[in-house]
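Here the structure comes first, spelled out in structure tokens, and everything after it is commentary.
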Amino acid sequence: MTRWSRRMLFGALAVLVPALAGCEAGLDAPTLEYHPAAFGGYATHEGITINNAFVLGSSTGVAVPRASVFFSVTSQDGDRLVSISAPGTAPLVRIAGGAVNLPPGVPANLTGPEPKVVLTGLSSPLAAGSTITMSFSFARAGTVTMQVPVEPHAYEYATYSPPPSIPVPTPAKTPKASASAPASPTATP
């Protein structure tokens, strides 16, 4: 290879390497966005481990009255999940079947197919990518408070079940009073 050919080869490489390396470059490159190692929230406290906790928001970004919560919880020594609250987000958090017994070392998967935990009466729309504060109360371990991410009901979460619809009570129909026959005009002499 001649000296001139080598210079052309190195010149071409000098031009191509930055171009090939910058394929996803720019101000909105995916490499500039934060990507967590896993999508859910995690917490450990007093022998309690909460894994992959997340709230399933809407698929359209429209405000919804309820949202599902999915997570797995394990107690090292055995405990009982008594209640869950979401201060500032939902006045009521329902656990299907009430409190959850946690045998030692056995994970309780509160995932589905129907959600076992539902936030009801949301005070504001839940935006995908945001987090909410949730407190998990246990009989022995006390309270574990953590930030739980909100995920859209799309992409890898498209197959998750939305919260069950709660029937809205309809007012009872009151029977209508039967109308009496109109009085017939009478002629007076």
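The values are calculated or read from the model by the stated rules, or taken from the named source; none is laboratory data. Everything numeric here is computed off the predicted structure, so don't read it as measured data. Neighbour counts run over all protein chains shown; Cβ positions are idealised from the backbone, glycine included. Quick note on the areas: whole protein, heavy atoms, side chains included, nothing else; ligands and nucleic acids left out. Shrake-Rupley method; radii C 1.70, N 1.55, O 1.52, S 1.80 Å.
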TODO: Might you check whether a residue that is polar (S, T, N, Q), surrounded by 16 or more Cβ atoms within 10 Å (Cβ to Cβ) and more than 14 Å from residue 87 (Cα to Cα) occurs anywhere in the stretch 148-164?
DONE: no
- [ ] Output the residues belonging to the stretch 86-136 that are in contact (Cβ under 8 Å) with a residue 60 or more places away in the chain and part of a loop (DSSP other than H, G, I, E, B).
- [x] 124, 125, 126, 127, 128
Open item on the list: Can you find a residue that is acidic (Asp, Glu), more than 12 Å from the chain's Cα centre (by Cα) and open to solvent by less than 30 Å² (accessible area, probe 1.4 Å) anywhere in the stretch 104-118?
Closed with: no
Task: Cross-chain or 6+ apart pairs with Cβ under 9 Å, the stretch 57-85 first and more than 21 Å from residue 146 (Cβ to Cβ), then of a type in the set (S, T, N, Q) and open to solvent by less than 50 Å² (accessible area, probe 1.4 Å) - done: 64/58; 65/120
TODO: Among what's in the stretch 130-147 and is of a type outside the set (S, T, N, Q) and open to solvent by 60 Å² or more (accessible area, probe 1.4 Å), pick the residue that is farthest from residue 92 (Cα to Cα).
DONE: 140
Open item on the list: Being modelled with pLDDT of 80 or more, buried (at least 18 other Cβ atoms within 10 Å of the Cβ) and closer than 23 Å to residue 158 by Cβ: is that true of residue 65 here?
Closed with: no
TODO: Out of the residues in the stretch 137-189 that are part of a loop (DSSP other than H, G, I, E, B) and touching an Asp or Glu at 6+ places or on another chain (Cβ under 8 Å), state the one that is modelled with the lowest pLDDT.
DONE: 164
- [ ] Have a look at 53, 127 and point out the one that is within 14 Å of the chain's Cα centre (by Cα) and open to solvent by 40 Å² or more (accessible area, probe 1.4 Å).
- [x] 127
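Matching residues to (1) at pLDDT 95 or above; (2) in contact with a Pro (Cβ under 7 Å, 6 or more places away or on another chain):
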position: 81; (1), (2): yes, no
position: 84; (1), (2): yes, no
position: 96; (1), (2): no, no
position: 102; (1), (2): yes, no
position: 106; (1), (2): yes, no
position: 110; (1), (2): no, no
position: 113; (1), (2): no, no
position: 122; (1), (2): no, yes
